[in-house]
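Notes follow the structure.
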């Protein structure tokens, strides 16, 4: 007999009016979509910047029509200066790491689906949630303001290494005001992320539906939960670091600027600060940030693969424990970004060991995915293709991590394209594949319409091949000593063959980037003209599929769901087919319990 | 810590339990639990930020240009004020939480102690401002040396958190006076936890600034 739970007072009243419904909304679903939209704008902007950079690398004198409108100083006559290349590099990295890889898999999908997957009506603190998005949005506006100020965007890179990031205009174009905007933007971003992470954790701990024990939560919910624990620690450290940086820049303090520093022939009026301190604080945030980007995608991909395979993973628990240990270890390895910083070599050794240890849970997870796939009759569609692609990218990008984790090899490779190839594949592309998979999978729930599967498959094919064409050659370039961060190369420095390889990469980047417009078109077209979606188009088991598509403002209506099963009851004999929903009281025959 | 009966997260709460019982005690709901998790998570985050500041201070203290400054003695008095305010908010919390209708005598007592807390909080901020003035008079500014930099940064950050606390207390006072109801237990508990935390944080920061390695 089905129990009913007690109707409780709503977290907030039904929204009324356009502003309350779509702009300053308290609804976690609207906030999730807002994050997604922001990430979408940021990713296309960041991609355009990478196009410009790739074009400049191989055709340094080519005129890009219209570029001079963006910056008269940075690109006189449409040809960018070396400094402007660095500006674009900085903005590309900052946009992608913060506003795309943190926002899309974690904040966007997490906001939309975490409360629904645990059977909650909304986040624990809807007002904080709204604030979290709008603070993040403000951070985005502050950052891109750097494009329109005369000074231009900063040239310090997304890591903003001190002391050059701290001394002001002597450090080059963009370093007077642009870098200050960067610092302010990231500080705001930290506040937004902290509010979001706090909300995720409190919601997961306290607002689960009846019967939703921790181990009955879907793997994606686990991933968002673990990620928010990481984010709470990481952004709480980056925020003070940004405050100290801004004080060094504007209040004359010397936290990061050493004594006797001469920049642009000028002795800097600072003393005694430690540039290494910035690197320690930054990477204490920066390395966990890598897992903030990748863990949600791991969760999303597991969630989708199980549905496509129609059977549970070999062990969902081990995947969850692996994600936890990755999160835990992520705080002991930040020094592996600093092997070439002049840090004590003994510390390098101490950071190298836990870094190599991280490969154990990562390998365990990969083996579980592959072992579960073995012999599985997987349904091929856009979502499952991107989920499979994620595993491919994660493995290909992760393998080069073995090399970089060892100081003796990293010292040689650190300043080369090998590192660029490594982190783009494992953190950037893999994480984005998780976002694509999540989009194709959850779009029907979010909009009530299906996305076009053929366009999705075409998008996958070009993106998958394209990503390998772009990022695999980077490893080779790095091994033969091609340094990164340079704005252009000449043949006698490069050797005759490398320039043609760079051209190949640029052309691949243009094609792969263009393929993303297929995705954008699919997204917009399907939103209005896609085939109507049923409540549960994938015959999935978790709670988000037990409610209408798109869900009403209070998710489950007036009734709170009751959970009877583990999240992934596939391959069983249920009333509706080979699956049993989590909130269905029926017994599952051949249960996986 | 609270005498309210806790409802197991998975047990079905009886409808009667969510309405004020005769004793005036309201059962804890999941929203109460969430807000308590929220406050502890918030405190954890703030602790982590100050841990980052502390590690930066230790690194900086190891360098040659660290000039030890003599801290203004008013800081001892300020510490006393803030610790007193922890006591007053505790007395006030015991009178004013539970979500009951106002019991005239008890509530007057509670509101008076709440106002005392506010006053002590504001006095602490003024005291900190006077400490800054005194340092300025000695020619010790934010950028003078790393020790003064850290002193200003740490005290400013602490005062900012305290100002947020004062704003919340002011809002709560207004609400009690307007609705003639005491505050929900979880709400006042959380504010009190935050306020106690700021006291502990200040004692820690003060000790950190006094410490000479």
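The values are calculated or read from the model by the stated rules, or taken from the named source; none is laboratory data. On a predicted model such as this, the values are computed, not experimentally measured, just so you know. Cβ: placed from backbone, ideal geometry, glycine included. Neighbour counts: every protein chain shown.
Tabulated data for the structure shown
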read-out	value
Residue count, segment B:172-188 (criterion: within 20 Å of residue B:82 (Cβ to Cβ) and either surrounded by fewer than 20 Cβ atoms within 10 Å (Cβ to Cβ) or without any contact (Cβ under 8 Å) to a residue 24 or more places away in the chain (or both))	2
Count of segment A:173-223 residues which are surrounded by 23 or more Cβ atoms within 10 Å (Cβ to Cβ) and away from chain B (no Cβ under 14 Å)	15
Residue count for segment B:141-186, restricted to those that are part of a helix (DSSP H, G or I) and either under 24 Å from residue B:60 (Cβ atoms) or modelled with pLDDT of 90 or more (or both)	26
Output for segment B:36-66, where each listed residue is more than 30 Å from residue A:256 (Cβ to Cβ) and over 16 Å from the mean Cα position of the chain (by Cα)	B:37
Within segment A:242-272, tally of residues that are buried (at least 24 other Cβ atoms within 10 Å of the Cβ) and facing chain B (nearest Cβ under 7 Å)	4
Total residues in segment A:206-239, condition within 21 Å of residue A:29 (Cβ to Cβ) and free of Cβ contacts under 8 Å to residues at least 12 places away in the same chain	0
Residues that are more than 30 Å from residue A:371 (Cβ to Cβ) and either within 9 Å of another protein chain (Cβ to nearest Cβ) or touching a helix residue (DSSP H, G or I) at 6+ places or on another chain (Cβ under 7 Å) (or both), drawn from segment A:273-307	A:273, A:274, A:276, A:277, A:278, A:280, A:281, A:282, A:283, A:284, A:285, A:286
Hey, residue B:75 within 27 Å of residue B:208 (Cβ to Cβ), in contact with a helix residue (DSSP H, G or I) (Cβ under 8 Å, 6 or more places away or on another chain) and modelled with pLDDT under 95 or not	no
Selected residue (only one of A:306, A:292, A:300 is in contact with a strand residue (DSSP E or B) (Cβ under 8 Å, 6 or more places away or on another chain), over 22 Å from residue A:250 (Cβ atoms) and part of a helix (DSSP H, G or I))	A:306
Residues satisfying the stated conditions in segment A:518-539, i.e. crowded, with 20+ Cβ neighbours inside 10 Å and in contact with a strand residue (DSSP E or B) (Cβ under 7 Å, 6 or more places away or on another chain)	A:526, A:533
Options A:389, A:415, A:456, A:428: the member that is surrounded by fewer than 21 Cβ atoms within 10 Å (Cβ to Cβ) and touching a residue at least 24 places away in the same chain (Cβ under 8 Å)	A:415
Any hit, segment A:161-170, residues being assigned to a loop (DSSP other than H, G, I, E, B), within 14 Å of chain B (Cβ to nearest Cβ) and within 24 Å of residue A:99 (Cβ to Cβ)	yes
Among the residues listed as A:403, A:394, the single one being within 20 Å of residue A:287 (Cα to Cα), touching a helix residue (DSSP H, G or I) at 6+ places or on another chain (Cβ under 7 Å) and surrounded by fewer than 19 Cβ atoms within 10 Å (Cβ to Cβ)	A:403
